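Report on the following structure.
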Amino acid sequence: MHHKISAILKKHTIVILSTFSLTGVVVVVLYLSHVYQTFEENIALQNAKDYVKLLRIFRKFYTSEVVKPAKKHGMEITHDYRNKKAIPLPATLSMMIGNKLGQSSDIKTYLYSAYPFPWRKNEGLNDSFRRDAWKKITNNKEKPFYRYESANGKRVLRYASADIMHPSCVKCHNTHKHTPKSDWRVGDVRGIVEIRLPMDVFATEVNNRLFSITALIFAITILGLVGIAFIFKELRNNYLKMEQHSEKMHDEIEKHKKTEKRLIESKKLLEENTVSKTVLEESNRRYKAIIEAIPDRVIELSNCYTDTELPQIFYDYFHKAQKTQQVQFFKLRQKVEGDLRDYEVYVNVVNEDEGLAFIRDVTQKRLMENEILNISEYERKKIGQDLHDDLGQRLASIAYITNVLKDKHQKIGGDIKDFEMVEDLIRTSIEQSRTLARGLYPIEIDEHGIIGALQKLTQQTQQLYNIKCSLHVAVQEITVKSIVREHLYRIAQEAIHNAVKHSKAEKIDISLYEDEQLTLTISDNGIGFPEVMEKKHGMGLNTMRYRANRLQGDLFINSTVGKTSVICKIPRGDNNE
């Protein structure tokens, strides 16, 4: 049975390798598809949350700063404001602005309730989503409700959030002559604000990138299989020739066996050493001949013989493994036929004189990690630009209109204190949107270098989270490549996010020093890094490690109660500008 299996494996080696390779490609593509879809849904969900938040801010502002003063001056506030000398209700104007902002991207905004006013009868709980949303949100008004559905052949996100009854609204709703419910209380769920966000805006870009990566993986796999087939064919031909030669030599040896017996015995020890050396040399030559064909390979190491063609680092780690009796690991980058390839090497001890080095080619893994990071950076920059160019401009327009209204009101002798408050609020909103945009798309990296960008990051951290954050550097500027600046900035940004979210830190210190290596350290005085987070290897930790590997560096995390440090060390060398 064993011989039959061996024969099948020898005969169909290429077919088996091809099957496993293609299966692996399919698994990778399916996994990437899942990752991209999750990424797409998270971005859409965050956009919907921000949209609702913006509408709430506007509605609250409009109610307190426009509706109340208007009522004091005797102006009517009604849904039917177009046919009267009146201004619209806060809910009416909020929905109008929401739909106006979403016209260019087909974003729809709805406000509905189980208790609609007579003129809003068509905006009740008239589909299953609205009924489910009302049921869930009235049970837990702090938790939004959302679902992905298909509408007109397109996938959309329906995101619902509670519309809470505020003190300024209770009296109006309870006393209105057309109210469907007159016992409202502060904090009741008055209605549901729903945002319908089309997913095709995000899906197109994600699908294009997934197609490109899939095509690249398939192309590389096909080329690899062709190379493997060619090398195996050559190896098989050489093996058959060696077998024929071995049979001839065996016949000759048998003929002269008796006459050379004494000579063989006298030179037995020398022959054994020579054969061992020859076998080891031949084994290494064979492994080197298939370096590009087999992803995982093994090289024998020995104290009795040193292969001069093998880098000295292999023997350094072999001796370290003998000393510690533990498996040793190191990274290796070398040229193969003109191309730089990345390898991971594990060195283990077999006995006191011999060991094995297991080598894995991780070039493709590094390329895919780099592609994922590039996609992430592209999306960050796109969202940051949208916040700055779109939302920032709209807020600036509102500020301008408010200023014009203030001037008009001042000319007729009115009190402009409320208008000045509105201007302050709008300026604060503009500054907050710019701060968020800078975090997603930090132009300081290119304009002011890595030290300037980190200084800006510490300022933003203090403003956003009210946490003391400081930067320590030994020089005024460190000159590195653009990609190094960007990766170091993102590692620092992610480490600060983890400290704020998980560590409950009150102080964060960032330091950047250079000697033979460039060392970035982010430390905090929080409760320590949760052990469960380290075991899960979350997306944030993996991303930081990917970035460090991309720069041929290492990432370390030292965590105890009262201090957690994230340390990234990268070699200078090719990372210099």
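The values are calculated or read from the model by the stated rules, or taken from the named source; none is laboratory data. Nothing here was measured: the structure is a model prediction, and the numbers come from that model. Every residue, glycine among them, receives a Cβ derived from its backbone with ideal geometry; neighbour counts consider all protein chains shown. Only protein heavy atoms, including side chains, enter the accessible area calculation; ligands, DNA and RNA are left aside. Shrake-Rupley method; radii C 1.70, N 1.55, O 1.52, S 1.80 Å.
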Within segment 253-261, is even one residue closer than 22 Å to residue 16 by Cα, at pLDDT below 75 and out of contact with any Lys or Arg (no Cβ under 7 Å at 6 or more places or on another chain)? no
In segment 145-164, is there at least one residue being without any contact (Cβ under 8 Å) to a residue 24 or more places away in the chain, closer than 16 Å to residue 109 by Cα and open to solvent by 60 Å² or more (accessible area, probe 1.4 Å)? yes
List, please: which pairs have Cβ atoms under 6 Å, are six or more places apart or on different chains, and start with a residue in segment 548-577 that is surrounded by fewer than 14 Cβ atoms within 10 Å (Cβ to Cβ) and end with one that is at pLDDT below 80 and of a type outside the set (Lys, Arg)? 560/528; 561/528; 577/479; 577/480
Please give the number of the condition residue 45 fails out of (1) under 20 Å from residue 109 (Cβ atoms); (2) in contact with a helix residue (DSSP H, G or I) (Cβ under 6 Å, 6 or more places away or on another chain). (2)
Is it the case that residue 191 is in contact with an Asp or Glu (Cβ under 9 Å, 6 or more places away or on another chain), outside any strand (DSSP E or B), at pLDDT 75 or above and surrounded by 10 or more Cβ atoms within 10 Å (Cβ to Cβ)? no
Counted residues, segment 478-518 - those being under 13 Å from residue 564 (Cα atoms), assigned to a loop (DSSP other than H, G, I, E, B) and of a type in the set (Ser, Thr, Tyr): 0
Going by what's in this entry, would residue 521 be described as within 23 Å of residue 450 (Cβ to Cβ), β-branched (Val, Ile, Thr) and either modelled with pLDDT of 80 or more or open to solvent by less than 70 Å² (accessible area, probe 1.4 Å) (or both)? yes
Candidate set: segment 333-354, residues that are modelled with pLDDT of 80 or more and touching an Asp or Glu at 6+ places or on another chain (Cβ under 8 Å); chosen: the one farthest from residue 298 (Cα to Cα): 341
Scan of segment 153-188 for residues that are basic (Lys, Arg), closer than 20 Å to residue 130 by Cβ and modelled with pLDDT of 85 or more, ordered by number: 155, 158
Counting just the residues of segment 317-332 that are at pLDDT 85 or above, within 29 Å of residue 550 (Cα to Cα) and not in a strand (DSSP E or B), which one comes out most open to solvent (accessible area, probe 1.4 Å)? 326
For segment 461-483, name all the residues that are open to solvent by less than 10 Å² (accessible area, probe 1.4 Å) and modelled with pLDDT under 85. 478, 480
In segment 51-79, the residues that are closer than 19 Å to residue 117 by Cα and over 48 Å from the mean Cα position of the chain (by Cα): 76
Considering (1) among the small types (Gly, Ala, Ser); (2) open to solvent by 30 Å² or more (accessible area, probe 1.4 Å); (3) modelled with pLDDT of 75 or more, say which one residue 396 fails and leave the rest. (3)
I'm told residue 242 meets every condition in (1) under 21 Å from residue 27 (Cα atoms); (2) modelled with pLDDT of 75 or more; (3) not acidic (Asp, Glu) except one. Can you identify the failing condition by its number? (1)
Kindly establish whether residue 299 is of a type in the set (A, V, I, L, M, F, W, C), surrounded by 14 or more Cβ atoms within 10 Å (Cβ to Cβ) and at pLDDT below 70. no
Could you figure out which of (1) out of contact with any strand residue (DSSP E or B) (no Cβ under 9 Å at 6 or more places or on another chain); (2) of a type outside the set (Ser, Thr, Tyr); (3) open to solvent by 10 Å² or more (accessible area, probe 1.4 Å) isn't true of residue 453? (3)
